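The values are calculated or read from the model by the stated rules, or taken from the named source; none is laboratory data. As the structure is a computational prediction, the values presented were derived from the model and not from experiment. With ideal geometry, Cβ positions are generated from the backbone for all residues, glycine too; neighbour counts draw on all protein chains shown.
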Amino acid sequence: MKCWTLTLLLISTVASGQSGFNYYKRADRVGSTNEKAFTYFKKAYYDHMWNWTKTGSDSAVYYLQQAIHEDSLYGAAYAFLGHVYKFKTYDGDDQDEFKNQKWFAQKAIKLNPKLGDAYTLMATVKWTEGDKASALDYLRKAVKIEPDHVGNYIWLGMRLATIPEKIDSAIYYFHKIMKMDPEYGQAYMKLANLYDDHKVYDSALFYYGKVIKHYENVRPRDLRMVNGYLYSSIILKDHFKNYHLAEKNLKTYVSELALTDFMVKDESLMEAYGLLANCYAKMAELEIESLIQHNEKILKEYPKDYYRTFRVIDSYRALNNDSINSKFVLPLVKRLREIATTDEEKVGSLLFQVEILEQANNLPDAIQQLTDYNSKNPRTLFVLMESGRLHAKAGANKKALAFLTEANKSLQTDNDRMIFRTSLAHKDFDNIRENKEFKKVLK
């Protein structure tokens, strides 16, 4: 496993809870000389964008446009509007919005050259254009201009995380953000994503755990952190085989997401339900393996116990699994017939085998087992009845009627007669029901 060693220098910045969230309330950084414009700006972020929904982003655009209408020189509003347009492209419905981002970035830098958000927006534009070097230059400039704004560092860390030789630097910046603002959830999420991408799953799981704690405890809640449940469940399922905890996280994710209008809610729920189904399948595999081990132990301890062998077969049949039936049920039912001692056990195990073969669509073999038994035990009522039914099902009407006639002759008690007449109502006899010989047997 690849491991990075990084000496995290003591960062002197004083930690400030929610400094990232509260940044957009700071008049000294993102304010306007027009109070109404600043009110629209804050409303766009805190009342709408913070919902992380499509309707929220649409409303944010409206209020930012109102802010710019009130103050046409409002650089922070232009930068924020460009970032919103970037967010809106995530759902794939607004790909044309990219052209707006570049114009807003240029406008914001011109109006407010000391605003970090203006440079992070331009960095996004350059990154999208494939000019990564220029993008990183803009991000470093944003950090230099506003070294206490965690939003600048998160963008820098995210971009560096995609460059193999810059991974340590990305980790450094994510940790720096955590020290600056311990309640800035994106730092934990992006660090977890980094470790996840590079297959350092224990570390990724640790930081997804931090993301989940952030979602559960930090208010106002950052809805984006709900994805901690989803991403952690994938690691738990695929790399730690902890299907029960993965299931728990996924069920929490589904229930939380169902209450929201999250930007990618439909796609996320689709993925979550698929993962849940896979978890249940994996858990079922483990339980089946436990059943197999238990049954093998029983069969070893009691190799000739008819009742226990029957119960083992029954436990496998309850799974309704073709592979299990082929591998275990069919061989075991042969074994059951071999260890049968009484006439009742011999007939019972034969009929049990016939039933299983029929369910496996192996009608010829089922008929052959009955034929072999009839050749040695020609007047066994239930075997004759079953022989008649299966031959009728196979379309061998003449043989079916012959077996039914023999069965009729074997009736000894009123209970035998009742069982025989009841069996003749089976749908497998429908094709011979109007036959004279059948009606004769029925009488």
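Quick one: residue 149 ticks every box in (1) surrounded by fewer than 16 Cβ atoms within 10 Å (Cβ to Cβ); (2) over 30 Å from the mean Cα position of the chain (by Cα) except a single one, so which number is it?
(1)
Only one residue in 384, 404 is under 18 Å from residue 344 (Cα atoms), touching a residue at least 24 places away in the same chain (Cβ under 8 Å) and assigned to a helix (DSSP H, G or I), so which one is that? Quick ask: steps written out before the conclusion?
Details: 404 fails: under 18 Å from residue 344 (Cα atoms).
The conditions single out 384.
How about region 263-290: which of its residues are assigned to a helix (DSSP H, G or I), over 16 Å from residue 244 (Cα atoms) and in contact with a Phe, Trp or Tyr (Cβ under 8 Å, 6 or more places away or on another chain)?
268, the sole residue that qualifies.
With respect to residue 410, determine if the residue is outside the structural domain of residue 338 (by TED's automatic domain parsing) and either buried (at least 21 other Cβ atoms within 10 Å of the Cβ) or touching a Leu at 6+ places or on another chain (Cβ under 7 Å) (or both). Walk me through it before giving the result.
Values: outside the structural domain of residue 338 (by TED's automatic domain parsing): yes; either buried (at least 21 other Cβ atoms within 10 Å of the Cβ) or touching a Leu at 6+ places or on another chain (Cβ under 7 Å) (or both): yes.
Answer is yes for this residue.
List pairs: first residue in region 106-120 and outside the structural domain of residue 146 (by TED's automatic domain parsing), second residue crowded, with 23+ Cβ neighbours inside 10 Å and not aliphatic (A, V, I, L, M) anywhere in the structure, Cβ distance under 6 angstrom, at least six positions apart or on different chains.
Pairs that qualify, where the first residue is outside the structural domain of residue 146 (by TED's automatic domain parsing) and the partner is crowded, with 23+ Cβ neighbours inside 10 Å and not aliphatic (A, V, I, L, M): there are none.
What number of residues within region 356-373 are modelled with pLDDT of 95 or more and either closer than 18 Å to residue 420 by Cβ or outside any helix (DSSP H, G or I) (or both)?
Matching residues across region 356-373 total 2.
Please tell me if residue 252 is assigned by TED's automatic domain parsing to the domain that holds residue 343, surrounded by 15 or more Cβ atoms within 10 Å (Cβ to Cβ) and either touching a His at 6+ places or on another chain (Cβ under 6 Å) or modelled with pLDDT of 95 or more (or both).
no
Against the conditions (1) part of a helix (DSSP H, G or I); (2) of a type outside the set (A, V, I, L, M); (3) more than 21 Å from residue 329 (Cα to Cα), where does residue 353 fall short? Just the number, please.
(3)
Name, by its number, the condition in (1) within 13 Å of the chain's Cα centre (by Cα); (2) farther than 28 Å from residue 324 by Cβ that does not hold for residue 273.
Failing condition for residue 273: (2).
Somewhere in region 165-180, is a residue closer than 14 Å to residue 229 by Cβ and of a type outside the set (S, T, N, Q)?
Quick first cut of region 165-180, residues closer than 14 Å to residue 229 by Cβ only: none.
No: zero hits.
For region 303-324, what are the residues that are among the hydroxyl-bearing types (Ser, Thr, Tyr) and surrounded by 14 or more Cβ atoms within 10 Å (Cβ to Cβ)?
306, 309, 315, 316
Among the residues of region 290-302, is any small (Gly, Ala, Ser) and farther than 17 Å from residue 356 by Cα?
So far as region 290-302 goes, yes, one or more of its residues are small (Gly, Ala, Ser) and farther than 17 Å from residue 356 by Cα.
Go through region 347-364 and report how many residues are surrounded by fewer than 18 Cβ atoms within 10 Å (Cβ to Cβ) and either under 36 Å from the mean Cα position of the chain (by Cα) or over 23 Å from residue 428 (Cβ atoms) (or both).
Residues meeting the conditions: 3.
In this structure, does residue 133 turn out to be without any contact (Cβ under 8 Å) to a residue 12 or more places away in the chain and assigned by TED's automatic domain parsing to the domain that holds residue 25?
Yes, satisfied.
Note down all Cβ pairs under 6 Å where the first residue falls in region 230-241 and is surrounded by 14 or more Cβ atoms within 10 Å (Cβ to Cβ), the second is outside any helix (DSSP H, G or I), and they're at least six residues apart or on different chains.
Between residues of region 230-241 that are surrounded by 14 or more Cβ atoms within 10 Å (Cβ to Cβ) and residues that are outside any helix (DSSP H, G or I), the close pairs are 236/242.
Filter region 242-271 for residues that are touching a residue at least 24 places away in the same chain (Cβ under 8 Å) and among the basic types (Lys, Arg) and give the result.
Within region 242-271, just 251 meets the criteria.
Is it the case that region 264-282 has a residue that's surrounded by 15 or more Cβ atoms within 10 Å (Cβ to Cβ), farther than 30 Å from residue 365 by Cβ and of a type in the set (S, T, N, Q)?
Checked against the condition, which is being surrounded by 15 or more Cβ atoms within 10 Å (Cβ to Cβ), farther than 30 Å from residue 365 by Cβ and of a type in the set (S, T, N, Q), region 264-282 yields at least one hit.
Given the condition exposed (fewer than 13 other Cβ atoms within 10 Å of the Cβ), β-branched (Val, Ile, Thr) and modelled with pLDDT of 95 or more, answer yes or no: does some residue in region 47-57 qualify?
No, every residue in region 47-57 fails to be exposed (fewer than 13 other Cβ atoms within 10 Å of the Cβ), β-branched (Val, Ile, Thr) and modelled with pLDDT of 95 or more.
Determine whether region 291-301 contains at least one residue that is at pLDDT 95 or above and either crowded, with 18+ Cβ neighbours inside 10 Å or under 30 Å from residue 190 (Cα atoms) (or both).
yes
Does region 93-123 hold any residues that are at pLDDT 95 or above, in a helix (DSSP H, G or I) and either among the aliphatic types (A, V, I, L, M) or under 24 Å from residue 54 (Cα atoms) (or both), and which are they? Before the answer, list the steps.
Filtering region 93-123 for residues at pLDDT 95 or above gives 104-123.
Keeping just the survivors that are in a helix (DSSP H, G or I) gives 104-111, 116-123.
Answer for region 93-123, where residues must be at pLDDT 95 or above, in a helix (DSSP H, G or I) and either among the aliphatic types (A, V, I, L, M) or under 24 Å from residue 54 (Cα atoms) (or both): 104, 105, 108, 109, 111, 117, 118, 120, 121, 122, 123.
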